[in-house]
Amino acid sequence: MSELRNSLKEERERLGLTQAALAERVGVSRKTINTVENGVFIPSTLLALKLAAALQRPVESLFRISS
């Protein structure tokens, strides 16, 4: 079974952002950022694109499918 993996936390920390700061940039709650980082919540395409833009990375570098 495939899983969606992400490097959101690493990229967020690379920019020195807290979960709350990233959440504010993309218009979601801090809890949403936390659940995405921990793989509990799979973001919508729109949220994934907003996260990529906020972190200045292509969406493909933040999210990947692992088997």
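The values are calculated or read from the model by the stated rules, or taken from the named source; none is laboratory data. Quick caveat, the model's predicted, so the values are computed rather than measured. A quick note on method: Cβ atoms are made from the backbone with ideal geometry, for glycine too, and the neighbour counts reach across all protein chains shown.
Things to note:
- In region 1-60, residue surrounded by the most Cβ atoms within 10 Å (Cβ to Cβ) [restricted to those that are in contact with a Ser or Thr (Cβ under 7 Å, 6 or more places away or on another chain) and not hydroxyl-bearing (Ser, Thr, Tyr)]: Ala23
- Of the helices (runs of 4 or more DSSP H) lying entirely inside region 14-57, not one is found with 1 or more residues being modelled with pLDDT under 95.
- In region 33-46, the residues that are in contact (Cβ under 8 Å) with a residue 24 or more places away in the chain form Cβ pairs under 7 Å with partners that are assigned to a helix (DSSP H, G or I) and surrounded by 15 or more Cβ atoms within 10 Å (Cβ to Cβ), at six or more places apart or across chains, as follows: Ile33/Gln19; Ile33/Leu22; Ile33/Ala23; Val36/Leu8; Glu37/Leu8; Glu37/Lys9.
- Flag for Arg64 being within 11 Å of the chain's Cα centre (by Cα) and in a strand (DSSP E or B): no
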